[in-house]
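Reviewing the structure listed below.
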Amino acid sequence: MAVCDMTATEWGYVLGGTDTDAKVVSAGKLWIKAMAFAGNVDNATTTLTSDVGGTATSCFKFKTQGNDLDAAGCHVFFGDKGRPFTNLTAKLGHADDRLYIFLV
């Protein structure tokens, strides 16, 4: 498979599309205010990793519950100042999942 699509917007990024391999969101420090996930199937997941100093670590995982396939119930808010993520990578679990990343 290939990496998922990533679209830049005035508020951040939308990741999705038909491919699910890991996608580098930023090759540096990125300040994120909020993230939301909308899965395409029941119990869909997406995982995020951060790499500081050459050590990639899992930093967040989203999972939809049953038939809750919209972003309303699957989101996190890091505050108005946001939180830094370094070398952020996202891996979507299914084709047509969507990850919304809202920047500071």
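Taking the condition of being touching a His at 6+ places or on another chain (Cβ under 6 Å) and outside any strand (DSSP E or B), how many residues in the stretch 1-59 meet it?
3
Take the residues in the stretch 12-30 that are of a type in the set (A, V, I, L, M, F, W, C) and touching a Lys or Arg at 6+ places or on another chain (Cβ under 7 Å); name whichever of them is surrounded by the most Cβ atoms within 10 Å (Cβ to Cβ).
Leu15
May I ask you to list the residues in the stretch 5-31 that are within 16 Å of Gly82 (Cβ to Cβ) and in contact with a Leu (Cβ under 6 Å, 6 or more places away or on another chain)?
Gly12, Val25, Ser26, Leu30
Conditions tested, residue by residue: (1) surrounded by 15 or more Cβ atoms within 10 Å (Cβ to Cβ); (2) part of a loop (DSSP other than H, G, I, E, B).
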| position | (1), (2) |
| --- | --- |
| Leu69 | yes, yes |
| Ala72 | no, no |
| Val76 | no, no |
| Gly79 | no, yes |
| Lys91 | yes, no |
| Ala95 | no, yes |
| Ile101 | yes, no |
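Can you find even one residue in the stretch 44-66 that is closer than 17 Å to His94 by Cα, surrounded by fewer than 16 Cβ atoms within 10 Å (Cβ to Cβ) and in contact (Cβ under 8 Å) with a residue 40 or more places away in the chain?
Checked the stretch 44-66: no residue is closer than 17 Å to His94 by Cα, surrounded by fewer than 16 Cβ atoms within 10 Å (Cβ to Cβ) and in contact (Cβ under 8 Å) with a residue 40 or more places away in the chain.
Every number in this text was worked out from the coordinates using simple rules, so none of it is lab data. Computed from a predicted model, the values in this text were never measured in an experiment. Heads up, the Cβs are rebuilt from the backbone with ideal geometry, glycines too, and the neighbour counts pull from every protein chain shown.
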